Amino acid sequence: MSIRVIAIDGPAASGKSSTAAAVARRLGWAHLDSGALYRAVTLAALDNLRDPGSEMRDAWSPQRLVALAEDLPVRLVLVGDVFRPEVAGVDVEDVIRSPRVTARVSEIAAIPEVRHWVNVQQREAVGTHPQGVVVDGRDIGTVVFPDAPLKVFLTATADERARRRLAQRGDRIDPAELQRESAALGARDHADSTRRVAPLRSAADATLLDTTRLSVEEQVARVVALARERIPG
Ligand code: DC
């Protein structure tokens, strides 16, 4: 039997996580946000390792990061039908969204040893859920679960994604803020798409969904319809 995974990939603020969470609820599946694991490792590094300044270039070595993640530990815990990130037994779902973590996570996510560790956690987690898991990220359909029976790649223009990000944070949406946010998202997309390991890209067999003009409800309905078509209940 093929694995019961729906892979949802796409750039930052394309609506992956909210779509994945809603699709999972609709189908009675679990939701796993793989970005949360990269963020949790980043938080663990910021709180426990000396920051690599110019005189400490090797402080965040791949080996130290993976050992730290294993020892603390950084892990995913299934609460209800949601995999939540924990660091040393503490739920970090909120604190991993802070600007301090966001500013450094691309750096951590570019390290092959960290990616390997994160992928192992995801594959183990998926095996523990009886129904299936909706996993969102950047490389879920291309690298982590290449055999997923449904892969969706979400896109939206950078301006639309910036607008959604500001609205989500409750910030005022003036043109200067919009431009700043759009540039920040563009920089993160560039870093994620051009990195050597597992760059952000659509799998050849993914369904492309441009969400620029879709509501979250419409995005969710399209993915649920595809899931019902492709994956036997
Ligand atoms: O989706 P997000 O913003 O929470 O992701 C945080 C970072 O982790 C982002 O810079 C991209 C990276 N990431 C990744 O490289 N691969 C994934 N599967 C998920 C996230």
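Key figures for this structure:
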| read-out | value |
| --- | --- |
| Computed label-point distance, nm, for sites Thr157 and Glu177 using a 7 Å Cα→Cβ extension | 2.0 |
| Mean residue ellipticity (222 nm) of the chain, computed from DSSP H runs ≥ 4 via -39,500 (n - 2.57), nearest 500 | -14500 deg cm²/dmol |
| Prolate/oblate/rounded label for region 77-204 (Cα gyration tensor, a/c 1.5) | prolate |
| Residue-normalised accessible area of region 5-149, given per residue in Å² at a 1.4 Å probe | 40 |
| Between region 8-50 and region 155-227, the alpha-carbon center distance in angstrom | 14 |
| Beta bridge orientation in the chain: antiparallel %, DSSP, nearest 5 | 30 |
| Distance-filtered residues of region 94-117 - backbone nitrogen under 16 Å, label point 7 angstrom along Val197 Cα→Cβ | 105-117 |
| Solvent-accessible area, 1.4 Å probe, carbon plus sulfur percent, for region 109-202 | 53 |
| Cα gyration tensor shape for the chain, rounded if a/c is under 1.5, else prolate or oblate | oblate |
| Local net charge near Asp9, Cβ-Cβ under 9 Å (Lys/Arg +1, Asp/Glu -1) | +2 |
| Ala204/Glu229 FRET efficiency (R0 22 Å; Cβ-Cβ; nearest 0.05) | 0.70 |
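The values are calculated or read from the model by the stated rules, or taken from the named source; none is laboratory data. Fair warning: this is a prediction, and the values are worked out from it, not measured in the lab. Virtual Cβ from ideal backbone geometry, glycine too; neighbours counted across all protein chains shown. Ligands, DNA and RNA are excluded from the accessible area calculation, which covers all protein heavy atoms including side chains. Shrake-Rupley method; radii C 1.70, N 1.55, O 1.52, S 1.80 Å.
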